[in-house]
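Written out below as structure tokens is the structure these notes cover.
The values are calculated or read from the model by the stated rules, or taken from the named source; none is laboratory data. Every value quoted in this text rests on a predicted model; they were computed, and no experiment measured them. In this analysis, Cβ positions are derived from the backbone assuming ideal geometry, glycine residues included, and neighbour counts consider all displayed protein chains.
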Amino acid sequence: MLGLKLPTDPRWVDIASKNIEDILVDHAYCEQKAASSCISLIVLFPDKERLVEVLTPVVAEEWAHFELVLAQLKKRGFKLGRQRVDEYVQALSKHERKGDKLNRQLMDKLLINALIEARSCERFKLLYEHLKDKELKRFYYDLMISEAGHYKNFLELAKMYMPEEIVKDRWQDLLVIEADIIRNLEMKQDRMH
């Protein structure tokens, strides 16, 4: 369903499950950045009524996820800690076309957000399937469902503002780029991406 060209290395979930504090800290910041990204899209494109309508509840949902991750950290006696650089998102963002027509820029922003949501969804699924902690298994199952919905939102919005064929072609290009990023990025077991 997600269309990712390269699955996460299966070793990631085994090692991630042994570094759950670091995973939760990184996850909290991913949720915060997802909310911020949606806010940025709304601020940059306030004239796109459907975008504002679709992304406003996503902002609230992503922030609620941030709060839920904070609660999981607190429950386990962990602290939020410092935010780390998300090399995956940085690498993807380098492929966003800038200075192009506004709707193409918007399409790239939406598709990159869709990719981030898709990869997060895939990793949440791995955590859901492999964690021994039953509460965290359920937690990641629920988030997996939510991220899949956000992924679809971004793709649908891209198709609303650009012709579907152009969106499909660019999506395929970005899927190949994303797979290459995953293949060449050092696997960080203490990170969501």
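Residues of region 38-55 being surrounded by fewer than 19 Cβ atoms within 10 Å (Cβ to Cβ) and assigned to a helix (DSSP H, G or I), which ones?
I39, S40, I42, V43, L44, E49, R50, V52, E53
Please enumerate the residues belonging to region 176-193 that are out of contact with any Leu (no Cβ under 7 Å at 6 or more places or on another chain), over 13 Å from Y29 (Cβ atoms), at pLDDT 75 or above and of a type outside the set (D, E, K, R).
Hits for region 176-193 are V176, I177, N184, L185.
From the residues in region 13-31 that are part of a helix (DSSP H, G or I) and surrounded by fewer than 19 Cβ atoms within 10 Å (Cβ to Cβ), which one is nearest to the chain's Cα centre (by Cα)? Don't jump to the end; show me each part of the working.
Let us first name the residues in region 13-31 that are part of a helix (DSSP H, G or I), namely 13-18, 20-31.
With the extra rule that they be surrounded by fewer than 19 Cβ atoms within 10 Å (Cβ to Cβ), the set shrinks to 14-15, 17-18, 21-22.
Values: D14: 21, I15: 20, S17: 19, K18: 22, E21: 19, D22: 17 Å.
Once the filter is applied, the top-ranked residue is D22.
Conditions: (1) closer than 17 Å to L155 by Cβ; (2) modelled with pLDDT of 95 or more; (3) over 13 Å from the mean Cα position of the chain (by Cα). Q72 meets all but one. Number of the miss?
All conditions pass for Q72, except number (1).
Kindly evaluate A118 against the criterion of being crowded, with 18+ Cβ neighbours inside 10 Å, assigned to a helix (DSSP H, G or I) and within 11 Å of the chain's Cα centre (by Cα). Outline the logic, then answer.
Details: crowded, with 18+ Cβ neighbours inside 10 Å: yes; assigned to a helix (DSSP H, G or I): yes; within 11 Å of the chain's Cα centre (by Cα): yes.
Yes, satisfied.
Of the numbered conditions (1) farther than 30 Å from K48 by Cα; (2) in a helix (DSSP H, G or I), R191 fails exactly one; give the number of that condition.
With respect to (1) farther than 30 Å from K48 by Cα; (2) in a helix (DSSP H, G or I), R191 is out only on (2).
So, in region 121-144, of the ones that are assigned to a helix (DSSP H, G or I) and among the acidic types (D, E), which residue ends up surrounded by the most Cβ atoms within 10 Å (Cβ to Cβ)? Please lay out each step first, then the result.
Taking region 121-144 as the starting set, the residues that turn out to be assigned to a helix (DSSP H, G or I) are 121-130, 134-144.
Imposing the further condition that a residue be among the acidic types (D, E) reduces the set to 122, 129, 135, 142.
Values: E122: 18, E129: 12, E135: 11, D142: 14.
Selected residue: E122.
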